[in-house]
């Protein structure tokens with residue numbers, strides 16, 4: 001059986017692989033596209049797009065989730081500006097250049113022409129910061145290239161100038177749909193449309209594999225009854241399929257399913273990863289478990305438990321106070337509100353918790369990733385040990 005672990009590692013953890021930026025990876029994937037398509041077509045049912053300038057796996061999730069937005073975006077206005085920018089870039093070809101002052105005029109004119117409720121006001125610092133977040137996102141995904149920028153930042157001064165170059169890939173950022181999506185009113189409408197046009201048995205298998213490979217963790221509450229039944233009956237087949245093809249370990253229990261990446265893969269979307277906050281979350285998970293034990297908090301049937309938001313805030317606050325050695329200066333300098341929100345966002349993204357109005361629901365994922373500090377010979381040296389448990 002063909003092992004495509006490196007190929008899937010690249011596809012799962014990158015929006016796309018471009019020939020200009022990742023030339024070796026691009027040709028590696030292109031050379032092995034038939035092996036990849038066999039696995040993707042059978043188990044995921046997603047499009048593997050082989051373009052003469054990029055390769056992309058369209059990762060349509062099994063279900064919509066509120067934490068599936070663009071990580072760096074902070075407001076709905078960011079998304080408004082993103083789509084206006086894509087309209088601006090639509091007719092531009094590779095190598096076309098534009099300056100920031102021209103761009104902001106064009107964005108405002110497009111918003112007025114479309115009679116949007118959100119008309120940019122560049123005198124507002126919040127609107128300028130929003131545009132910079134969008135431009136940074138487009139840079140990260142190789143839609144635009146920053147060629148030159150003044151020392152003055154646009155966030156601070158509306159008169160700041162910069163020179164950008166287009167890569168000609170803007171039209172490929174958004175998936176192409178073969179139906180009129182203007183009638184869709186919520187994210188789940190896209191998934192419902194797909195389900196209605198695919199064989200039931202195939203769709204059930206696709207969704208289970210998408211849960212496993214596109215989500216950090218899969219809980220019983222994430223699955224429909226039919227998906228849960230398929231996972232229960234076919235778990236050995238699924239474990240072997242994933243292990244043999246992409247060399248990842250699968251853990252499937254009554255209430256939790258996880259796919260573990262190999263230790264030599266440190267892709268940014270895996271947990272733990274190289275980000276400093278990853279260490280913080282490992283320590284926090286241990287503090288959360290300790291709090292639950294100390295306060296005799298009962299587990300629900302699905303192994304989750306609830307902590308009041310006010311108590312959860314205290315746990316996060318005490319962690320920063322008591323274990324500063326694990327915190328970067330940037331995080332230590334954050335206000336508590338920003339620090340708290342960053343931690344919560346991370347916990348939500350990796351399916352460690354869910355939120356209600358009053359409570360934090362702690363999911364069984366926390367038991368699998370616990371950290372403990374170990375002091376070495378020199379008092380100033382402290383290391384972090386991570387336990388992957390099977391409690």
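The values are calculated or read from the model by the stated rules, or taken from the named source; none is laboratory data. Everything numeric here is computed off the predicted structure, so don't read it as measured data. Note: ideal-geometry Cβ built from the backbone for every residue, glycine included; neighbour counts use all protein chains shown.
Observations
- For the condition over 26 Å from the mean Cα position of the chain (by Cα) and either outside any loop (DSSP other than H, G, I, E, B) or over 26 Å from residue 56 (Cβ atoms) (or both), residue 164 qualifies.
- All told, residue 171 meets the bar of being under 22 Å from the mean Cα position of the chain (by Cα) and surrounded by 11 or more Cβ atoms within 10 Å (Cβ to Cβ).
- Flag if residue 141 is surrounded by fewer than 14 Cβ atoms within 10 Å (Cβ to Cβ), out of contact with any helix residue (DSSP H, G or I) (no Cβ under 8 Å at 6 or more places or on another chain) and at pLDDT 95 or above: no
- Residue within region 96-111 that is part of a loop (DSSP other than H, G, I, E, B), at pLDDT 95 or above and more than 20 Å from the chain's Cα centre (by Cα) present: yes
- Any hit, region 257-280, residues being assigned to a helix (DSSP H, G or I), surrounded by fewer than 15 Cβ atoms within 10 Å (Cβ to Cβ) and modelled with pLDDT of 90 or more: no
- All of 29, 10, 57, 44 fail the test of being touching a residue at least 60 places away in the same chain (Cβ under 8 Å), surrounded by 14 or more Cβ atoms within 10 Å (Cβ to Cβ), within 24 Å of the chain's Cα centre (by Cα) and within 22 Å of residue 248 (Cβ to Cβ), apart from 44.
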